[in-house]
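For reference, the structure is listed below as structure tokens.
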Amino acid sequence: MKNTLNSSVREARRQDILDTFFNTMKESRKTRPYITQGEVIELASKSSAPRFYVTFENARRFVSLLMRGKKLPIVNKNKQEMYKEIYRRYKAKVKDANARYKYIILEDIIEEPAPSFYIDGETFRGIIYTTLRKNSKTNECKAIA
């Protein structure tokens with residue numbers, strides 16, 4: 001299955017992962033001054049996320065499938081759990097909504113804090129390392145210029 005995140009959602013996730021990593025490092029060093037980068041990444045990868053990293057279109061499509069009792073056509077367990085959490089929140093909020101505007105509720109839900117980033121530790125680590133490497137190369141180029 002192709003990557004279903006659009007570039008703005010992907011960029012927001014990348015930035016939030018970096019922010020979480022650096023905040024975790026800062027907080028961890030207060031109590032454990034010799035914590036390793038790997039330990040910080042492990043702690044950060046288990047933290048909550050500021051939002052759900054999914055497009056409205058995908059949230060609507062997968063919530064619709066779940067509403068009809070269909071299985072999600074997704075192999076990734078983390079993504080399955082994310083869409084099930086969005087659906088759980090959707091069901092809780094839709095009871096009071098006007099029938100014409102039910103799916104608009106999803107816009108609010110995907111912007112709510114999420115219990116996790118719904119990615120595995122290796123993906124989390126890869127995003128951090130790739131971004132830090134790219135940023136260090138960019139800073140080296142700026143220093144040379």
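A few notes on this one:
- Segments classed as helices (runs of 4 or more DSSP H), wholly inside segment 1-92, with at least 2 members that are in the same structural domain as T131 (by TED's automatic domain parsing) and free of Cβ contacts under 8 Å to residues at least 40 places away in the same chain: 7-31, 37-45
- Candidates A59, A44, A49 - the one that is of a type in the set (A, V, I, L, M), over 17 Å from R125 (Cα atoms) and in contact with a helix residue (DSSP H, G or I) (Cβ under 8 Å, 6 or more places away or on another chain): A59
The values are calculated or read from the model by the stated rules, or taken from the named source; none is laboratory data. Just so we're clear, the structure is a prediction, and the values are computed from it rather than from any experiment. Cβ: placed from backbone, ideal geometry, glycine included. Neighbour counts: every protein chain shown.
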